[in-house]
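Asks: Could you have a look at this structure, given as structure tokens, before my questions?
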Amino acid sequence: MKKQIRHISNKLTKTKVMARSQELRTYIPVTRKMDQSTLHEMLQKYNMVYIKPCCGSLGKGVMRMERTARKDRIQYSYQAGTHVRSFPDYDTAYRAILKETQGKSYLVQKGIRLLVYEGRPFDIRVMVQRNLKGGWDLS
């Protein structure tokens, strides 16, 4: 009997599964389930994070949030699609994020600064999938 291959759609679950591998663990950005305190803590530590739907694909619903020092105060901003919003304090920014997430489950992930080519950020991704024999294939 063939081993059944299970599909995992939750990004947080996928991250936890991959983090079990000592080889992969060092390449996985810190990822947590988003709530008010976790988002605030990660912004204080990393200054830039990504907020992603736990179940989603193709970048839909992904936001980039930043904490920046402006003169003698801290400012918060986030980008959803091409729209950028800025806020004078964390609580106001978090309430706006909650409206964006519409009660759905989201995660927060340590931000990674992307490479830029001709003024536009980009990344390169590799998709790895299990084949019918249970091995891994690049696609």
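Asks: Below 8 Å between Cα atoms, with a sequence gap of 6+, how large is the relative contact order for the chain in percent?
Replies: On the way: 184 pairs, mean separation 32.5, N = 139.
RCO, the chain: 23 percent.
Asks: Match the structure shown to one of the listed values (1) 10.9; (2) 9.0; (3) 9.8 of mean projected area of the Cα convex hull in nm², computed from it, and give that label.
Replies: Correct label is (1).
Asks: Continuing with the same structure: Mind grabbing the base-10 log of I(q)/I(0) for the range 78-139 at q = 0.24 Å⁻¹? Debye formula, identical points on the C-alpha positions, no solvent, two decimal places.
Replies: Results for the range 78-139 at q = 0.24 Å⁻¹ read -1.10.
Asks: Output ³J(HN,Hα) for the range 55-67: one whole-Hz value per residue in order, computed from phi by the Karplus curve 6.51 cos²θ - 1.76 cosθ + 1.60 with θ = phi - 60°, and x for Gly and Pro.
Replies: Per-residue couplings from phi come out as 10, x, 7, 6, x, 5, x, 7, 10, 10, 10, 10, 10 Hz.
Asks: Give me the lysines in straight-line cross-link reach of residue 45: C-alpha distance below 30 Å, same-chain residues under 8 apart excluded.
Replies: Excluding near neighbours in sequence, the set is 11, 14, 16, 33, 60, 71, 99, 104, 110.
Asks: Now for a separate question. Please get the size of the charge dipole for the chain, origin at its Cα centre, with Cβ charges of +1 on Lys and Arg and -1 on Asp and Glu, quoted in debye to the nearest 20. Display every interim value, and only then the final one.
Replies: On the way: 28 positive and 11 negative charges, 115 e Å.
Dipole of the chain, to the nearest 20 debye: 560 debye.
Asks: On to the next question. For the range 100-115, in order, what is each residue's ³J(HN,Hα) by Karplus, 6.51 cos²θ - 1.76 cosθ + 1.60 with θ = phi - 60°, in whole Hz (x at glycine and Pro)?
Replies: Going residue by residue, I get 5, 7, 6, x, 7, 7, 10, 10, 10, 10, 3, x, 10, 5, 7, 5 Hz, with x marking Gly and Pro.
Asks: From the residues 92, 56, 21, which one has its Cα farthest along the dipole of the chain in the positive direction, the dipole being from +1 and -1 charges on Cβ of Lys/Arg and Asp/Glu about the Cα centre?
Replies: Of the candidates, 21 comes out farthest on the positive side.
Asks: Going from the alpha-carbon gyration tensor of the range 37-118, what semi-axes, largest first and in whole Å, does one get by taking the root of 5 times each eigenvalue?
Replies: Values: eigenvalues 76, 54, 30 Å².
Each semi-axis is the square root of five times an eigenvalue, giving 19, 16, 12 Å.
Asks: Pulled fully out, how much extra length does the chain show between residue 36 and residue 80, if you take 0.36 nm times their separation in residues and subtract their Cα-Cα distance?
Replies: On the way: separation 44, 0.36 × 44 = 15.84 nm, distance 1.82 nm.
Working it through step by step, the gained length comes to 14.0 nm.
Asks: Amide H of residue 47 versus every other amide H placed in the peptide plane: which residues, excluding those fewer than 5 positions away on the same chain, fall under 5 Å?
Replies: Amide H neighbours of residue 47, under 5 Å, 5+ apart: none.
Values quoted throughout were computed directly from the atomic coordinates according to the rules given, and no laboratory measurement underlies them. Values in this document were obtained by computation on a predicted structure and should not be read as measured data. Note that we place each Cβ from the backbone using ideal geometry, even for glycine, and neighbour counts take in every protein chain shown.
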